Every structure is written in C-alpha cells, then in structure tokens.
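What follows is a single structure, written as structure tokens, with notes after it.
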Amino acid sequence: MPVQLQRLIDEQNTVWQRMQDIQSAAEAENRDLTAEERQNWDAAEARLTEVSGDIERLNRMAQLSQIDRSQIAVTTGEPEGRRGGDAEEQARRYAEAFSIYMRGGMDRLTSEQRNLMMDQEVDLRAMGAGVDTAGGFTVPDEFRNIMTETMKAFGGLLNLADVIPTSTGADLPWPTNDDTGNEGEILGENAAAGEQDLSLGGRKLKAFTFSSKQVRLSLQLLQDSAFNLETWVPKKLGERIGRRAARAFTTGTGVDQPEGLVTSAVVGKTGASGQTTSVIYDDLVDLEHSVDSAYRPNARYLMHDSTLKVIRKLKDSQQRPLWVPIPAPGFPATINGFEYALDNSMPTPAASAKTIAFGDFKAGYVIRQVQSVQTLRLVERYAEYLQVAFLGFARMDGMIQDSAAVRTYQHAAS
C-alpha cells in the first residue's frame, strides 16, 4: 500500500476517534457540547471530510494504475516476451498504425498501414483522402482498456453492475425476472410434480452512443515524442464519457438513453414528514430489510458523497456511529456493517429525491458495452490554430434486470 494512502487511513481513524471522544465526554456528563468542544468537533469533521475525499481519490488512482500498459508503446519496439500467432501480430501492427495515425494522420501511414486501418474500421462514414476527418476508427485494446478503467473510476455503479460486453451494437434481447415470491414443494410418494413457469419479462438492451466531445491538442504537443499520447488521450476521453454514462445509468429516463437505476428501482423506504434532506437510523434499517434476505449477503449502499456526509453523523440506538472508517489496510469503510460505494451522479438530498440505493447491484442492474470503441481525428477544423481535435465514441445501455435486488430511499416531499 502506498505510504500516502496508509498515512491518510491512519489520520482518518485518529480524527474519527477524536470526534468520538468529544461526544463521549459530553454524553458521560449528560450535557450538550461546550462552545470549545463544538468548535473542535467542527474542525475535526471538516478535516475528516478532506481526508476521506483524499482516500477516495487515491483509491481511484490505484484502479487506474492497475491497467496493463505494457503493450501501449508499440512504436518503440516489440514488447518483451511477445509470442503469438497471426491474430496477435495483426493486433500489434494495428496498434502501431493507430499510434502513428493519432500523431500524424493518414498521410503518415504506409500503404500497408492504411489498408490495415481500413480493414479494422467499424461504421466508416466517408471514404477517400479525407477519411481521417470524417470517419471513425476502432481503437486498439490497450486504448479501450484505459478508457474503460477511467470510466469505472468516475462511475460507481459501473463497478457494481453486471456488465455485458458485445462485439456489435445490434439490439440484445434480455430477460428480466423476479422469482422471489415462488418456492418449490414437498412431493408425496408416487405424486406428480407441480408446475409453475418462470415469469420472464422481455426487454432489449440497445447501444446508445456516448460522445466525449472534442479534445484539442496542439501540433507541437503531438509531435513531441515525450508526450504519452496513447495514455493521455484515452484517459481524457474516458473521463468525459464516464461522467455522462454514470449520470445515464443512475438517472436516465429510458427514452433514447439508458434506464437509470434511481429512475426505475422500487422505493424501499420513504422518509417521514420533514425529512427532506435528512435520514435517520431506523430508515436505513427499513431500507436494508426492504431487500429480500437472499440478496443481502452481496448487498451494499450506493450514494452521492454529500449523502455520505449526512449518514456519517448518524448513530444507532446504542449511540454507536453507523459509519465506520477503514479499520485497517485492506478493509473497507462500512455503513451499518455494509460496504458502500460513491457515485456522484446519484441525486443529492432534497425533497422527494431518491438519494440512497441498497442491494445487490450485480443481480439488479445490467450494463451493455459494445466493444468497438471508436475515435475521430479532426485535423482540418482547427488547422488555423495549429491544433488537432480528438473525439471518442462508446456505445452502451443499461437497465434494471431484477427488480427485487435493489431498493432506494426517498426523502419526504415536505
């Protein structure tokens, strides 16, 4: 574990214990906090928020650092230990051609490399000399992997859901089911088994196109071999697509876009009148038990960081905090004993807002990703600025697949 992360975890636990000591001293004397104690508490809470945020950021960085980039810098030579047949060799040659294309465009490619790019291209919209300004080229696996991992870092639900990769964007029939109300039977001797069909719903996963918008780079930077273009560009494209996709997967309407988790999940608990921005311990217990016990072993919470701030102040009936910081390296922080994930595309506390989701997200929500991610290189549009723009596309969809697996908490309307 990095030294910085270990230091932050230790500080988080120290600050948290300091807050508990302040609270315990007041409770032991059956009094309210003094002005000095309240000032110390507020300062500790502010620092705890900062430290927790730093831990989340370092954990996201750790996710990105796990990407295997050993195959990216293919223009410097053949990766050590590379062994493979024609398919692997063609993939390596395509990645090399794609790297040259990104830096210099189609004019820098050899005839063989042009043909290779055209053979690998998906859904090309224009042919001829202007192909790199109007068409799209399939990105190499390493490029796509960086984009995907970056998207995961910005979308908590994408890490938890059932992700289905497909090679094409054709409509994908997908069954939905809730069989929690059905059970088997005990058969008597020589008795025939009864019948009870599964009630399957028929849905379709589509392939909505998510765009990164344009990322512009100067020609000077593109020509600088010290600039790691093959890592920086997919990271930026992935960040933008990841933020937009995360919002679609949580609050999408389902009309010409994915069906959002918050939009379609069943409400398991609604706050009492007056709880327009708050939540109490009993509400979370009710929310947990609104999910069938069969799903709870794999269940966790999902929420916005601002909602976590509200929950961190809650205590159970024995005045024990619901939120428990990381007890030791390798162990997650928990809420009422359950792990949680942050997704800042989730709604923030407000009247009638569904701010907390709880359940088994892998069983409850499915995301479809089309593997043929594409990128455009716009060379003419910003020529007078000596700039080249890159534009990324990813095709995805998402929806509830098991309505019994996830429930949400909704604040009171007033």
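Read-outs throughout are calculated quantities, based only on the coordinates presented, and are distinct from any laboratory measurement. Remember, predicted model here, so these are calculated numbers, not experimental data. Cβ: placed from backbone, ideal geometry, glycine included. Neighbour counts: every protein chain shown.
For the pair GLU37 and LEU386, label points projected 7 Å from Cα toward Cβ lie 6.6 nm apart.
Note on LYS213: lysines with a C-alpha under 20 Å away, same-chain residues under 8 apart excluded, are LYS152, LYS235, LYS236.
Here the stretch 348-391 is treated as a Stokes sphere of Kirkwood radius computed over C-alpha pairs; at 10 °C and 1.306 mPa s its diffusion coefficient rounds to 103 µm²/s. Compute the whole-percent fraction of alpha carbon pairs in the stretch 269-406 spaced more than 19 Å apart. For the stretch 269-406, the share of Cα pairs beyond 19 Å comes to 63 percent. Could you work out the percent of alpha carbon pairs in the stretch 302-365 separated by over 19 Å, rounded to a whole number? Within the stretch 302-365, distances greater than 19 Å cover 38 percent of Cα pairs. Rounded, prolate or oblate: which one fits the stretch 332-414, using the alpha carbon gyration tensor with axes a ≥ b ≥ c (rounded when a/c is under 1.5, else prolate when a/b beats b/c, else oblate)? In terms of gyration-tensor shape, prolate. Residues TYR281, TYR301, TYR101, arranged from fewest to most other Cβ atoms within 10 angstrom of their Cβ, appear as TYR281, TYR101, TYR301.
Please list, or write none, the lysines whose alpha carbon is within less than 18 Å of the alpha carbon of LYS309, excluding same-chain residues fewer than 8 places away. Reachable lysines: LYS354. Restrict the search to the stretch 184-254; then list the GluC sites (Glu not before Pro) that DSSP places in a loop and that have at most 14 other Cβ atoms within 10 Å of their Cβ. Filter output for the stretch 184-254: GLU185, GLU189, GLU195. Considering all different alpha carbon pairs of the stretch 142-277, the Kirkwood hydrodynamic radius works out to 19.4 Å. Look at LEU261, LEU287 and count the other Cβ atoms within 10 Å of each Cβ; fewest to most, that gives LEU287, LEU261. Taking the average, over residues, of other Cβ atoms within 10 Å as the packing measure, peptides 142-153, 403-414 rank 142-153, 403-414 from highest down.
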